[in-house]
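What follows is a short report on a single structure.
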Amino acid sequence: MTLRPFLCAFLIAASSAAADPASEALFKEGKAKYEAGEYVAALENFRQAYARTRSPAAMLSIGTTLKALGRFAEAADAYEAYLADPGANPAKKAETQKALLESLKSVATLKIDAETNANVTVDAREVKGSVRVDPGAHVVIADDGSGNPMTTQITVKAGEERTVSLRRKADGSPPATGPSERKEPREPPATPQPARRPGSGGGGGIPVLSYVLVGTGILAGGVAVYAGVQSRGKYSDAGGFATAKLECNGAATEACRSARSADINRANDDGDQLQRVTIVAGAVGVAAVVSGILVAVFTRSADDAMAARPPALTVSAGPGTAGVSLGGLW
């Protein structure tokens, strides 16, 4: 969690607390704890400072810390309180509004339907009408003074809106536990996909044969490179033997030259064979890769054509008319 977006808020709040040395000390301690990632302790410092100064910037610091803790519902309430405060810094409002919208994406809303005289709490927090909550399980209690409070537990997801009914039945019995209404975003219907032709793979209709051909081409290309390197090595050896042949002298000159000539011929023959391997493997590699690409292209085109084509065989008949269509061709 970076401090940059709200560092100014901490500084402004600290200056607002300057008239109260205790508040200033609380802010400094809270800022140090926030920077150290001790968000729970920092939140307590900021709340104590706000209780003493009622500074709008202190409320903004509270919202920032709650958001860092993942307590988005409380953070949204703090951001709204800051934006509604006449003393809020106008330069910070746009940034705070953005943080508010980000927090609201991660909360759910509970709408409480209870008797007007009932005292309603959500997770031991007294609420009226509707309340934002974080995703997860929550306990809702409505106490109408009868000595038999109504209790229900509800689990919500981010972005969800639920109505919780806590009204007694006509006979005075509590309602069935659980929400009376559930609203959540609906997933758009899946777009039907055309059936794949047998033999096509999972990579967007590319057949397995295409992968095999391309893989074979890459392997052949590797063989061609290796053979080419070895061929140049053999020709280089032949050059070395030729130099050694010129250096033959003394009583065994003829024998030395004969041996070097044999070495030269053998090295050249090996080089020629490896050169042929290089040419053949290179040609095979290129052909295999090109074939794999063509197979993929033509198979995809054929799949698209099949998906767009009318049913293979249709028969129509009517008064005085009759017809047969094969693949939309006749």
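The values are calculated or read from the model by the stated rules, or taken from the named source; none is laboratory data. The shown structure was predicted, so the numbers you read here are calculated from the model rather than taken from an experiment. Here the Cβ positions follow ideal geometry from the backbone for every residue, glycine too, while neighbour counts run over all protein chains shown.
Residues checked against (1) at pLDDT below 85; (2) in contact with a helix residue (DSSP H, G or I) (Cβ under 9 Å, 6 or more places away or on another chain); (3) outside any helix (DSSP H, G or I):
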residue: ALA259; (1), (2), (3): yes, yes, no
residue: ASP269; (1), (2), (3): no, yes, no
residue: ILE279; (1), (2), (3): no, yes, no
residue: ALA287; (1), (2), (3): no, yes, no
residue: GLY292; (1), (2), (3): yes, yes, no
residue: GLY323; (1), (2), (3): yes, no, yes
residue: GLY328; (1), (2), (3): yes, no, yes
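SER231 versus (1) over 15 Å from GLY271 (Cβ atoms); (2) in contact (Cβ under 8 Å) with a residue 40 or more places away in the chain: which is the lone unmet condition? Single failed check for SER231: (1).
Only residues that are of a type outside the set (A, V, I, L, M) and part of a strand (DSSP E or B): list them for region 97-125, please.
If we filter region 97-125 for residues that are of a type outside the set (A, V, I, L, M), which is where we start, we get 97-98, 102-103, 105-106, 109, 111, 113, 115-117, 119, 121, 123, 125.
Within region 97-125, THR109, LYS111, ASP113, ASN119, THR121, ARG125 qualify.
Using the structure shown, decide if PRO135 is loosely packed, with under 14 Cβ neighbours inside 10 Å, closer than 26 Å to LEU43 by Cβ and of a type outside the set (D, E, K, R). When the stated conditions are applied, PRO135 does not pass them. In summary, ALA75 fulfils each of the numbered conditions (1) in contact with a Lys or Arg (Cβ under 7 Å, 6 or more places away or on another chain); (2) closer than 21 Å to ARG167 by Cβ with the single exception of condition (2). Of all residues in region 69-120, exactly one satisfies the criterion of being surrounded by fewer than 17 Cβ atoms within 10 Å (Cβ to Cβ), within 19 Å of LYS31 (Cα to Cα) and among the hydrophobic types (A, V, I, L, M, F, W, C), namely LEU69.
Considering only residues in region 106-121 that are among the charged types (D, E, K, R) and touching a strand residue (DSSP E or B) at 6+ places or on another chain (Cβ under 6 Å), the one that is nearest to SER165 (Cα to Cα) turns out to be ASP113. Taking the criterion of being assigned to a helix (DSSP H, G or I) and farther than 20 Å from PHE72 by Cβ, the residues of region 42-57 that qualify are ASN45, GLN48, ALA49, ALA51, ARG52, THR53, PRO56, ALA57.
Exactly one residue out of ALA78, ALA68, ALA108, ALA42 is of a type outside the set (Val, Ile, Thr), without any contact (Cβ under 8 Å) to a residue 24 or more places away in the chain and within 15 Å of ASP134 (Cβ to Cβ): that is ALA78.
Of the residues making up region 294-317, one or more are at pLDDT 80 or above and loosely packed, with under 14 Cβ neighbours inside 10 Å.
Considering only region 144-166, state which residues are outside any loop (DSSP other than H, G, I, E, B), among the polar types (S, T, N, Q) and farther than 17 Å from ALA124 by Cα. Selection gives THR163, SER165. Of all residue pairs spaced 6 or more apart or on separate chains, those with beta-carbon atoms under 8 Å, a first member in region 140-156 that is more than 12 Å from ASN117 (Cα to Cα) and a second member that is in a loop (DSSP other than H, G, I, E, B) and modelled with pLDDT of 90 or more are VAL156/PRO135. Filtered by the rule that a residue be under 14 Å from VAL107 (Cβ atoms), hydrophobic (A, V, I, L, M, F, W, C) and assigned to a helix (DSSP H, G or I), region 58-82 gives LEU66, PHE72, ALA73, ALA75, ALA76, ALA78.
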